[in-house]
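Heads up, the thing below is written out as structure tokens.
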Amino acid sequence: MVWAQHISPTFIKIIATFPYLNTIIKPIMKNPLLYILALPACFMLAACPYESAVPIDPPLIKINSAFLGTWQDPIDTTKDYQVSEQSMFTYKIIEKIKDATESKQYQAYISKVDETTFLNLWEDIPGEDRPTYLLYKLEIRNANSVMLIEVTENIDEQFSSSEQLKSFIRSNMSNSFFFSKTETELIRVGK
């Protein structure tokens, strides 16, 4: 097979060192049609939410104590998100991965664009003075369930002010391209 000649020897070595990957990828590599069909799936799985140098607006909405507690994705139960009060307007979120010694820490706050609620989220990295904001639409399902919907990474525009970003969101959030198809439900698993 000619297409197999273009596979990197390093790629083959990596697959060989991980038996689990080997059992998944080996059948795909033997069938060119599966190989071609698997490539778009790889790009879809690598998707990330839109990253912005500026938030939607400064933190102006007081925290809602109903969001405090421990949350989890009911499909991916390997991670817990412990949400606590960072300040009067900002949440502190600790992402804990089961059986891992380290965790990630984030900060977030709520913004409103018309009647739509958004979450401005950034990783809290010590010494970083200019965070990168990840933007999500936040839907409250009930007291124990929220839905996070990513603002798509397919937006090319970058903004130098929150006013510009908020105006862009207001003008485009009703368009089908604006939010990704990835929705993450989080359910409360503890106070």
Whole-Hz couplings from phi, Karplus 6.51/-1.76/1.60, listed for the range 160-175; x for Gly and Pro: 9, 9, 5, 4, 5, 4, 4, 5, 4, 4, 4, 6, 10, 5, 8, 6
Cα centroid distance between the range 65-108 and the range 126-191, in Å? 17 Å
Within the range 48-98, trypsin sites (Lys or Arg not before Pro) in DSSP loop having at most 13 other beta-carbon neighbours inside 10 Å: 62, 98
Added length on full extension, which subtracts the Cα-Cα distance from 0.36 nm per residue, residue 182 to residue 77: 36.1 nm
Only Cα pairs under 8 Å and at least 6 apart count here; give the relative contact order of the range 91-144 as a rounded whole percent. 25 percent
With each label point set 7 Å from Cα along the Cα-Cβ vector, what nm distance links residue 163 and residue 68? 3.6 nm
Surrounding net charge for residue 66, when Lys and Arg each add one and Asp and Glu each subtract one, Cβ distance under 15 Å: +2
Karplus-derived 3J(HN,Hα) from phi for the range 55-60 (6.51 cos²θ - 1.76 cosθ + 1.60, θ = phi - 60°), whole Hz, x at Gly and Pro, runs x, 5, 6, x, x, 10
Tabulate in residue order the Karplus-calculated ³J(HN,Hα) for the range 135-150, using 6.51 cos²θ - 1.76 cosθ + 1.60 with θ = phi - 60°, rounded to whole Hz; enter x for Gly and Pro. 10, 9, 7, 10, 10, 8, 7, 6, 5, 10, 8, 10, 10, 10, 10, 5
What is the fewest-to-most order of 148, 165, 134 by other Cβ atoms lying within 10 Å of their Cβ? 148, 134, 165
Amide H to amide H, which residues 5 or more places from residue 132 or on other chains are under 5 Å from it, using H placed in the peptide plane? 123
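Taken together, the values in this text are just the output of simple stated rules run on the coordinates, not laboratory data. These numbers come from a predicted model, not from an experiment. Every residue, glycine among them, receives a Cβ derived from its backbone with ideal geometry; neighbour counts consider all protein chains shown.
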